[in-house]
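Student: If you scroll down you'll find the structure; I have some questions about it.
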Amino acid sequence: MCGIICYVGKDKAEPILIEGLKRLEYRGYDSAGLAVQDGDQICCHRAKGKIIELEKKIGDMTIPGNTGIAHTRWATHGEPTEANAHPHSDNDGNVFVIHNGIIENYYSLKKNLKKSGAVFKSETDTEVLAHLIASYFDGDLNKAVRQTMAKVEGTFGMAVIHKQVPDEIVVARRGSPLIIGVSDGGTFAASDVSAMVRYTNKVVHLNDNELATITADDFTISTGQAQTVQRSAETVEWAAEDADLNGFPHFMLKEIYEQPDTIQNAIRGRIDRGEGVPKLGGLSPVWEQLKECRHIVIVACGTSYYAGCEAKYVFEKLTEIDVTVALASEFRYRKLNFAPNTFIIAMSQSGETADTLAAIREARRKGASLLGIVNVVGSSIARETDAGVYNHAGPEIGVASTKIFISQLTVLTLMALLLGRHQNLSLTDGVETIRALEALPDQVKDILSKANDIQAIAEKYHKHGNWLFLGRKYGYPIAMEGALKLKEISYIHAEGYAAGEMKHGPIALINPKMPTVAIIFQDSMYEKMISNIQEIKSRRGPIIAIATEGDEKIRELADDVIYIPKTLDILNPILSVVPCQLLAYYCAQLLGRNIDKPRNLAKSVTVE
Ligand code: G6P
């Protein structure tokens, strides 16, 4: 969704802003723009479409100035046009504003501003910010932004420059992320680290209702009530090369291939082999209460939600804890009634998904304890939960989540194992699970080495417009995630179903043109899955099986088989999702789709 990058420093701002905008492309957007200040002049350019369109617009023009703000817009209020692209300005072109989020009371503000002479040039909610700031400005930009914050309802991460205030940018946040980056060459502000990771890894997070003035060599943070806040920079572990393709044609493929390391990074330093117990330091603030916990609710969206669905089975196997999984966007509208000592786990790659954030705030209101499983260090969910575990998976740039799903499953397994070992799970089971977890990276490598076979299967089926993914128990969330991957990036219609439900509807669709991906493990569900496959076969539906190595019976039934190595039942999902990811990737590639930036989708969904 919308992205922000700002710079004030020793160097020319425009190339730094363009580079930052390109780093934000993965978030999904439909127009872009920048405003660069040079003394009392501000030069603004905007364009509909990709960053390249903005670059074409700028062409050979030299844009002087070392202070600037830039934005990628994902349309909410008003179509994706140049007029609606940010930055927006006031009548006199003094103030320039970029904004992520939604100003909920913009309509009434706009009406009043119009009465006092403001002329609106766009259909956006953002433009009210420019007019309001201009109306409050008396030489102090920080104060004018603070007064504006008091007037607006809704969410914002914003950055503002003013013609009469050179070499200074004011940024503010409520609900939408904003971070400051500190380097020898200047100061940055951005909606996420990846926009500035090339220049600095020293960041300062703004909290909700805080604003900051940034200059070339300093920043000052204050609250909406003008109280000064002292906060020093933290070092993020992401490196510039993490955000590069490193020879891969797409980030999605790069991230699929990173998965052996992703698993390693999730377990490194977190296990005690001898005792068969994980060590999760991030949980220590709540440990005494957590070890008595009997109810967990996992709230999440998208792929993170499917990881939660999988975790339910894993927790049931390893612990005595009852787990419910909820879509964050639905959870917050329910009448929440928690049993005593219930923990909510918010699971989110970005840590900024608006629905997940809103869900935990509602759960907090109802007295539940909050845990986070988050990839982005210092993100809103990480800061609003009582304790949690980081994925340490590095940036995930491809819009379709891959390595984070695997990381989430790994972390959830560690968490379940830790709790299980403090309940009834035996030492032998603990040690066996840890051994199996440690074997996973090599097993994923083994699957990746068969990528060519999976590509050949994609060649055979990519023109089929409707697919079904089926699984039971541990295989069911993988069926849902496999279908999601395929539809997200290839635009092939796919449904993920619990195999037992097939005869209650989807079986009506089976025909020779509808392939079924059957996730079949050699576990207690095996024979039942075989029956489902038989039912499809007798209706002449093509079958692609993702099955366990050594399963010869499946060869006779399925048209194509992708084998995964043997592991524990609870870890089969981690291995079986990899062929699903590759299958989706190759289908999308053969269909010529925009794999890393699929249409209409955004990496980080910061509006509800
Ligand atoms: C978007 C992304 C998905 C992601 C979901 C939840 O829809 O495209 O890949 O799974 O948001 O995001 P989160 O950051 O909360 O895991």
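Student: Restricting attention to segment 336-363, which residues are among the acidic types (Asp, Glu), touching a helix residue (DSSP H, G or I) at 6+ places or on another chain (Cβ under 7 Å) and not in a loop (DSSP other than H, G, I, E, B)?
Tutor: Hit for segment 336-363 is 355, nothing else.
Student: Mind checking whether some residue in segment 321-328 is in contact (Cβ under 8 Å) with a residue 60 or more places away in the chain and away from the ligand (no atom under 16 Å from the Cβ)?
Tutor: At the first step, the residues of segment 321-328 found to be in contact (Cβ under 8 Å) with a residue 60 or more places away in the chain are 321.
Retained after the next criterion (residues that are away from the ligand (no atom under 16 Å from the Cβ)): 321.
Yes, segment 321-328 has at least one match.
Student: Let me ask you something else. When you scan segment 144-156, do you find a residue that is of a type in the set (Lys, Arg), part of a helix (DSSP H, G or I) and surrounded by 17 or more Cβ atoms within 10 Å (Cβ to Cβ), even just one?
Tutor: As a first pass, look at segment 144-156 and keep what is of a type in the set (Lys, Arg): 146, 151.
Of the ones still in play, those that are also part of a helix (DSSP H, G or I) are 146, 151.
Still in the running and surrounded by 17 or more Cβ atoms within 10 Å (Cβ to Cβ): 146.
Yes - at least one qualifying residue is present in segment 144-156.
Student: Here is a list: 203, 165, 170. Which entry is in contact with a helix residue (DSSP H, G or I) (Cβ under 8 Å, 6 or more places away or on another chain), at pLDDT 95 or above and surrounded by fewer than 24 Cβ atoms within 10 Å (Cβ to Cβ)? Full working, then the answer.
Tutor: Working: 203 fails: at pLDDT 95 or above; 170 fails: surrounded by fewer than 24 Cβ atoms within 10 Å (Cβ to Cβ).
None of the others qualify; the one that does is 165.
Student: Every residue in segment 165-215 that is of a type in the set (Asp, Glu) and on the phi > 0 side of the Ramachandran plot, please. Break it down into steps so the answer makes sense when it comes.
Tutor: Step one: list which residues in segment 165-215 are of a type in the set (Asp, Glu), which gives 167-168, 184, 192, 208, 210.
Scanning segment 165-215 gives a single hit, 167.
Student: Still on this structure, please answer the following. In segment 586-599, what residues are within 14 Å of the ligand (Cβ to nearest atom) and touching a residue at least 24 places away in the same chain (Cβ under 8 Å)?
Tutor: If we filter segment 586-599 for residues that are within 14 Å of the ligand (Cβ to nearest atom), which is where we start, we get 594-599.
Those that are within 14 Å of the ligand (Cβ to nearest atom) and touching a residue at least 24 places away in the same chain (Cβ under 8 Å): 595, 596, 597, 598, 599.
Student: While we're here: What is the one condition in (1) within 16 Å of the ligand (Cβ to nearest atom); (2) surrounded by fewer than 22 Cβ atoms within 10 Å (Cβ to Cβ) that residue 577 does not satisfy?
Tutor: Condition not satisfied by residue 577: (2).
Student: Another one. Return the pair list, or none, for Cβ contacts closer than 9 Å from residues in segment 340-361 that are touching a residue at least 40 places away in the same chain (Cβ under 8 Å) and of a type in the set (Ser, Thr, Tyr) to residues that are part of a helix (DSSP H, G or I) and more than 14 Å from the ligand (Cβ to nearest atom), at least 6 apart or on different chains.
Tutor: 342/363
Student: Further, regarding this structure: Might you check whether a residue that is within 16 Å of residue 165 (Cβ to Cβ) and free of Cβ contacts under 8 Å to residues at least 60 places away in the same chain occurs anywhere in segment 91-98?
Tutor: Looking for residues that are within 16 Å of residue 165 (Cβ to Cβ) and free of Cβ contacts under 8 Å to residues at least 60 places away in the same chain, one finds at least one in segment 91-98, hence yes.
Student: Follow-up question, since we're still on this one. Give the residues of segment 165-200 that are farther than 29 Å from residue 104 by Cα and out of contact with any strand residue (DSSP E or B) (no Cβ under 8 Å at 6 or more places or on another chain), sorted by residue number.
Tutor: 184, 197, 198
Student: Test residue 377 against the criterion of being buried (at least 20 other Cβ atoms within 10 Å of the Cβ), within 16 Å of the ligand (Cβ to nearest atom) and among the hydrophobic types (A, V, I, L, M, F, W, C), and give yes or no.
Tutor: Details: buried (at least 20 other Cβ atoms within 10 Å of the Cβ): no; within 16 Å of the ligand (Cβ to nearest atom): yes; among the hydrophobic types (A, V, I, L, M, F, W, C): yes.
Against the criterion (buried (at least 20 other Cβ atoms within 10 Å of the Cβ), within 16 Å of the ligand (Cβ to nearest atom) and among the hydrophobic types (A, V, I, L, M, F, W, C)), residue 377 does not qualify.
Student: Restricting attention to segment 389-408, report how many residues are farther than 8 Å from residue 375 by Cα and part of a strand (DSSP E or B).
Tutor: Counting residues in segment 389-408 that are farther than 8 Å from residue 375 by Cα and part of a strand (DSSP E or B) gives 1.
Student: Another question, then. Can you tell me how many residues within segment 315-335 are under 24 Å from residue 602 (Cα atoms) and assigned to a strand (DSSP E or B)? Before the answer, list the steps.
Tutor: Let us first name the residues in segment 315-335 that are under 24 Å from residue 602 (Cα atoms), namely 325-333.
Next cut, assigned to a strand (DSSP E or B) only: 325-327.
Going through segment 315-335 one residue at a time, the tally reaches 3.
Student: Take the residues in segment 4-23 that are in contact with a strand residue (DSSP E or B) (Cβ under 7 Å, 6 or more places away or on another chain) and outside any strand (DSSP E or B), then tell me which one is farthest from residue 243 (Cα to Cα). Working first, answer last.
Tutor: Keep residues of segment 4-23 that are in contact with a strand residue (DSSP E or B) (Cβ under 7 Å, 6 or more places away or on another chain), which gives 4-11, 13-14, 16-17, 20-21.
Right, trim to outside any strand (DSSP E or B) and you get 10-11, 13-14, 16-17, 20-21.
Working: 10: 24, 11: 22, 13: 21, 14: 20, 16: 16, 17: 16, 20: 11, 21: 13 Å.
Only one residue tops the list, namely 10.
Student: Could you tell me which residue of segment 296-319 is nearest to the ligand (Cβ to nearest atom), considering only residues that are touching a Gly at 6+ places or on another chain (Cβ under 6 Å) and farther than 18 Å from residue 483 by Cβ? Quick ask: steps written out before the conclusion?
Tutor: Residues of segment 296-319 that are touching a Gly at 6+ places or on another chain (Cβ under 6 Å), as a first pass: 298, 300, 318-319.
Of the ones still in play, those that are also farther than 18 Å from residue 483 by Cβ are 298, 318-319.
On the way: 298: 12, 318: 23, 319: 24 Å.
Here the answer is 298.
Student: Given the criterion farther than 27 Å from residue 292 by Cβ and within 15 Å of the ligand (Cβ to nearest atom), identify the matching residue among 346, 400, 382, 359. Reasoning before the result, please.
Tutor: Numbers: 346 fails: farther than 27 Å from residue 292 by Cβ; 382 fails: farther than 27 Å from residue 292 by Cβ; 359 fails: farther than 27 Å from residue 292 by Cβ.
Within the list 346, 400, 382, 359, the selection yields 400.
Student: Which one of these is modelled with pLDDT under 95 and of a type in the set (Gly, Ala, Ser): 181, 139, 175, 186? If you could, list the steps in order and put the result at the bottom.
Tutor: On the way: 181 fails: modelled with pLDDT under 95; 139 fails: modelled with pLDDT under 95; 186 fails: modelled with pLDDT under 95.
Exactly one residue qualifies, and that residue is 175.
Student: Turning to a different aspect of this structure: Mind checking whether some residue in segment 219-233 is assigned to a helix (DSSP H, G or I) and not polar (S, T, N, Q)? So that I can check it myself, show each step before the final result.
Tutor: As a first pass, look at segment 219-233 and keep what is assigned to a helix (DSSP H, G or I): none.
So far as segment 219-233 goes, no, none of its residues is assigned to a helix (DSSP H, G or I) and not polar (S, T, N, Q).
The values are calculated or read from the model by the stated rules, or taken from the named source; none is laboratory data. Every value quoted in this text rests on a predicted model; they were computed, and no experiment measured them. Ideal geometry is used to build each Cβ from the backbone, glycine not excepted, and the neighbour counts take in all protein chains shown.
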